[in-house]
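Take a look at the structure set out below.
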Amino acid sequence: MSQKTLTESREDAVEAQPDASPRRWWILAVVALAQLMVVLDATIVNIALPSAQADLGFSDGNRQWIVTAYALAFASLLLLGGRIADLFGRKTAFLIGVAGFAAVSALGGAATNFEMLVTARALQGAFGALLAPAALSLLNTTFTDAKERAKAFSVYGAIAGAGGAVGLLLGGILTDALDWRWTLYVNVVIAVVAFAGGWLLLHNHRDAANSKLDVPGTVLVAAGLFSLVYGFSNAETHDWSAPETWGFLIAGGLLLAAFAWWQTRAAHPLLPLRILLDRNRAASFVAVLISGGGMFGVFLFLTYYLQLILGFSPTKTGVAFLPMVAALMVAAQVSTTKLVPGIGPKVVIPLGFAVAAVGMAWLTGIGVGSSYASHVLPQLIVTGFGLGLVMPPAMQLATGGVAAEDAGVASATVNAMQQVGGSIGTALLSTLAASAATDYLTGKDATNKLVQAQATIESYTTAFWWSAGLFAVGTLITFLLFRRGVPEQDPDAAPVVHM
């Protein structure tokens, strides 16, 4: 391309941006709403599970599948969903994802038995896998100005990080005020707004229209991610030594290794390895994976502590997480718009992990007679602020600078890292917590209620210590991986303007 032509194309893009500016922020609102719906469903059903179990009469052993079915479908199909968005258009993928998510949420809300509810949750995960990467790639290609893009990702990253806590709050309110079924029906309300906004504001772009779907790669990565998440899920209900655990973990590792090998030979790879070769982007994927794993130490076990030990209602439990959400959102804004553009991710993201590690270690001071104000609230704020320094900038860096035709699959990889990290974190921390409780009860009177309560506290604090350790590992790894200095913008790259 000649210098004159290149200059003209830039001028055309710059001229187009002012007209698009109001629409860009409306698109952010629509994308954020859709993402909130997907993230909410990772936790909103958790608080409603006891009510759903009593209503439908399924066993304790089957209870975990209401959560696991969603995670399995979501994680295993994310890369496929991202590539579909690139091949057939992000608007198409977004709208189908939103509409499908709403339909199967209504199916789950109307469930008359366990099988119907599990099927609906699995289908939610499948449509979420189509929706989530389309939403993030729309954000990535809509905001081309560096400062505006940083603000947009601070909002998106805050939702991705705090959505789990918001899900606990909303799930508690809906369960207390209405019925457990409304934790699913509420998606229909959200989806109607998101669908209408997407239909009116988005235009379809098929940046990878000339490519073809990598079928062998799709099968390998879907089977690999499924096996990995399923193996870790089995660790909760079986044991690490059980074939259902280690067998699926080994199979998952082999399938993902085969997928990586195939991507170097495929004519149209599902996950082009050029996406992973950028050092900052690879470091960001690792940061999202680790933060996703450690966050469950906050949400899962602190929810149990607040309800079972402190006697909080579901609604009050959700409200208790709001200070953490506020701290995370403040840190998200500061990290993406000020700190990373000013001093770079090599300082900011490891610092965030270190702060979160301190918060989790501080949280291990809880006891049977502790109060929320002194033993939970300050620690939540510190942890939330630390995660706000990690997740939004990591998501921004993970998707920044990719070619337009790879935006969907890069976005899907970010979501996959968060989902797989969460699945691994849940299984690992649950197993360690259960072992800690069993060890504490050895040689003690297990029928004594005070001893039982202390054993429960021991399990929670063990999970918090391991979460702190996970964040400490994240501090070291991201410090070593991220490049020094501020990420450079390519001055010769004309912006991608999506009207």
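The values are calculated or read from the model by the stated rules, or taken from the named source; none is laboratory data. Everything numeric here is computed off the predicted structure, so don't read it as measured data. Backbone-built Cβ (ideal geometry, glycine too); neighbour counts: all protein chains shown. Only protein heavy atoms, including side chains, enter the accessible area calculation; ligands, DNA and RNA are left aside. Shrake-Rupley method; radii C 1.70, N 1.55, O 1.52, S 1.80 Å.
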remark   = Placing each pseudo-label 7 Å from Cα in the direction of the beta carbon, N113 and V193 end up separated by a distance in nanometres of 3.7 nm
key: Local electrostatic count, V30, Cβ distance below 15 Å [Lys/Arg +1, Asp/Glu -1]   = +4
Partner lysines for K338 [C-alpha distance under 26 Å; skip if fewer than 8 residues away on the same chain] = K147, K151, K346
query = Solvent-accessible area per residue for segment 278-375 at a 1.4 Å probe radius, Å²?
reply = 34 Å²
remark   = For G108, the net charge from surrounding residues (Cβ-Cβ under 11 Å; K, R +1; D, E -1) works out to +1
remark   = Packing-ranked peptide list from 65-75, 23-33, highest mean Cβ count within 10 angstrom first, is 65-75, 23-33
message = I want to check the label-to-label distance for S370 and L480. Put each point 7 Å from Cα in the C-beta direction and report it in nm to one decimal.
response = 3.1 nm
note = With R₀ set to 45 angstrom, the calculated FRET efficiency between the beta-carbons of A267 and K338, to the nearest 0.05, is 0.55
ask   = If we sort 341-350, 445-454, 326-335 on the protection proxy, mean other Cβ atoms within 10 Å, highest first, what's the order?
value = 326-335, 341-350, 445-454
query = Once label points are set 7 Å from the Cα along Cα→Cβ at both Q452 and A258, what is their separation, rounded to one decimal in nm?
reply = 4.8 nm
note = Here the net charge surrounding L201, from other residues whose Cβ is less than 10 Å away from its Cβ (Lys, Arg +1; Asp, Glu -1), is +3
request  = Which order do the peptides 169-176, 111-118 take when ranked by the mean count of other beta-carbon atoms within 10 Å per residue, highest first?
outcome  = 169-176, 111-118
